[in-house]
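The values are calculated or read from the model by the stated rules, or taken from the named source; none is laboratory data. Values in this document were obtained by computation on a predicted structure and should not be read as measured data. With ideal geometry, Cβ positions are generated from the backbone for all residues, glycine too; neighbour counts draw on all protein chains shown. Remember, those area values only see protein heavy atoms, side chains included, never the ligands or the DNA or RNA. Shrake-Rupley method; radii C 1.70, N 1.55, O 1.52, S 1.80 Å.
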Amino acid sequence: MTIFSKIIAGDIPCYKVAEDDKFFAFLDINPLAKGHTLVVPKQEVDYIFDLSDADLAAMHVFAKHVALAIGKAFPCKKVGEAVLGLEVPHAHIHLVPMQSEKDLLFSNPKLKLTDEEFKEVAEAIRKAL
Ligand code: AMP
């Protein structure tokens with residue numbers, strides 16, 4: 001079971017943003033910016049491009065709704081999307097509010113947010129959904 005499957009199952013805590021029958025969204029614990037969110041399929045697949053065409057498309061539609069809510073909650077030029085998957089072997093899309101292209105550099109120092117701040121960020125996105 002991947003760490004993200006444990007999060008989806010509720011065995012590991014997270015700051016949940018959204019969920020439907022196939023996908024789950026929660027805050028990245030090492031955010032590049034306030035609002036940095038991960039979208040994951042409930043199906044345990046490592047490489048995103050191993051998803052079926054239908055699931056890959058549906059994952060992006062789900063991510064779109066979350067991204068639009070992130071943009072409302074955290075005004076930015078655009079919400080950027082990135083797929084790396086080098087650390088956690090469970091497909092996921094990073095959604096990151098951007099003021100400039102530099103905001104999507106994963107080598108940037110990560111924000112340190114308190115538990116209260118993470119809760120406020122997740123709540124703000126949920127309200128904007
Ligand atoms: P990558 O697999 O390279 O896309 O990176 C995995 C991402 O998952 C990183 O940005 C981590 O900060 C994030 N991450 C790892 N564990 C957790 C967790 N328990 N809760 C939230 N985010 C996590």
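Listed values, structure above:
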quantity	calculated
Residues of segment 32-55 satisfying the condition of being loosely packed, with under 15 Cβ neighbours inside 10 Å and not in a loop (DSSP other than H, G, I, E, B)	49, 50, 53, 54
Close pairs (6 angstrom Cβ cut-off, 6 or more residues apart or separate chains): modelled with pLDDT of 95 or more and among the acidic types (Asp, Glu) in segment 3-25, open to solvent by 40 Å² or more (accessible area, probe 1.4 Å) and within 11 Å of the ligand (Cβ to nearest atom) anywhere	none
Lone qualifier among 72, 78 - being among the basic types (Lys, Arg) and either touching a strand residue (DSSP E or B) at 6+ places or on another chain (Cβ under 9 Å) or touching a residue at least 60 places away in the same chain (Cβ under 8 Å) (or both)	78
Test set (1) assigned to a helix (DSSP H, G or I); (2) within 11 Å of the ligand (Cβ to nearest atom); (3) open to solvent by 30 Å² or more (accessible area, probe 1.4 Å); (4) of a type outside the set (S, T, N, Q) - residue 29 fails condition number	(1)
Positions within segment 83-99 being within 11 Å of the ligand (Cβ to nearest atom) and either assigned to a helix (DSSP H, G or I) or farther than 21 Å from residue 42 by Cβ (or both), in sequence order	86, 96
Qualifying residue in segment 80-92 (condition: of a type in the set (A, V, I, L, M, F, W, C), farther than 22 Å from residue 57 by Cα and surrounded by 13 or more Cβ atoms within 10 Å (Cβ to Cβ))	no
Residue, nearest to the chain's Cα centre (by Cα), within segment 109-129, restricted to residues that are assigned to a helix (DSSP H, G or I) and either more than 14 Å from residue 16 (Cα to Cα) or among the basic types (Lys, Arg) (or both)	126
Pair list, Cβ < 8 Å and 6+ apart or interchain, from segment 103-122 residues that are in contact (Cβ under 8 Å) with a residue 40 or more places away in the chain to residues that are surrounded by 13 or more Cβ atoms within 10 Å (Cβ to Cβ) and assigned to a helix (DSSP H, G or I)	113/121; 121/73
Residue that is nearest to the ligand (Cβ to nearest atom) [pool: residues in segment 100-121 that are of a type in the set (D, E, K, R) and surrounded by 13 or more Cβ atoms within 10 Å (Cβ to Cβ)]	110
Selection count, segment 12-26, where residues are within 11 Å of the ligand (Cβ to nearest atom) and open to solvent by 60 Å² or more (accessible area, probe 1.4 Å)	2
